[in-house]
Amino acid sequence: MNDTVGAAPIFSRTDYFSYTSDGHRETQQVWNVSTGGKTIAIYVQGDVAGLGFPSITETHFAKKHLLSFKGGKASKAGQDVMTKMQRIAGKRARTGLTNSQKKDLSKIGDATKEAYWTQITNKYAGSVTKKNTFIKVDAIKPDELRLLIANGLLAGNGTEAHVDFPAAAVWYFEIGAAAPTQLQANGVTSVGLGYEKNSAGDKFVIKHLG
């Protein structure tokens, strides 16, 4: 596998996520990680209402930012990694809407389409963005990935944490690009995480990349 800057990453199914019997990721994804003498639960996908977080009630962090190609609906449909990247970037950029509609979904003038784009907005981005930064999970072993994130969250200030990922794991895809781009050629790449924790400090939910 070639991880040089600009080379398209190749994804394979891994043990980072739990899947349904038909190969889709489970709606809720939670990692239980033991570190520093305590065990914490990290929610990276799904409904987290009632778990004691200050304001976050659902997260789609894994769907947007923790990517592995095989094992999901793209793989089942026989799509390649570029198709998957384009689809996510297109949703975040609200491809297909006018600039006016992107600012005010009610200007679409079709209740069904407005409901669809409201759902996309909630899942993929609160504001329009033409670039999606993501962690190529296959570049890190599952336990190492979870531990990196767990230690970053425990050291965070309660709303923002920073994690030093191996450079080969951090990529971005710009809408209309021919391929994703590795953010940094070598070493480590520091990535910010927006998150919340419960009052006991044993449950964390990640909302977005900072």
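Less than 5 angstrom separates the built amide H of V188 from those of A167, all sequence-distant by 5 or more or on a different chain.
Entry note, the chain: the mean residue ellipticity at 222 nm calculated from DSSP H runs of n ≥ 4, each adding -39500 (n - 2.57), is -7500 deg cm²/dmol after division by the residues and rounding to the nearest 500. Between amide H atoms placed 1.01 Å from N, distances below 5 Å from D202 occur with no residue 5 or more places distant or on a separate chain.
Averaging the sequence gap over all C-alpha pairs within less than 8 Å and six or more residues apart, then dividing by the number of residues, gives the chain a relative contact order of 27 percent.
Counting beta carbons within 10 Å around each of S18, S106 and listing the fewest first gives the order S106, S18. Phi-derived couplings, Karplus 6.51 cos²θ - 1.76 cosθ + 1.60 at θ = phi - 60°, listed residue by residue for segment 104-121: 9, 4, 5, 6, 5, x, 9, 4, 5, 5, 4, 5, 4, 6, 5, 5, 4, 4 Hz, with x used for Gly and Pro. Remark: segment 27-34, residue by residue, has Karplus-estimated 3J(HN,Hα) of 4, 9, 10, 9, 10, 9, 10, 9 Hz, where x stands for each Gly or Pro and the curve is 6.51 cos²θ - 1.76 cosθ + 1.60 at θ = phi - 60°. Counting neighbouring Cβ atoms within 10 Å and putting the fewest first, the residues W31, W171 line up as W31, W171.
Each of the trypsin sites (Lys or Arg not before Pro) that DSSP puts in a loop and that has at most 16 other Cβ atoms within 10 Å breaks the chain; the longest unbroken stretch is 131-210. Residue by residue, segment 135-147 carries 3J(HN,Hα) couplings of 9, 7, 4, 5, 7, 9, 5, x, 5, 5, 4, 5, 5 Hz when phi is fed to the Karplus relation 6.51 cos²θ - 1.76 cosθ + 1.60 (θ = phi - 60°); x denotes Gly or Pro.
Where a number appears in this text, it was derived from the coordinates with a stated rule and is not lab data. Not measured: the values here are computed from a predicted model. No Cβ is skipped: glycine too gets one built from the backbone with ideal geometry, and neighbour counts run over all protein chains shown.
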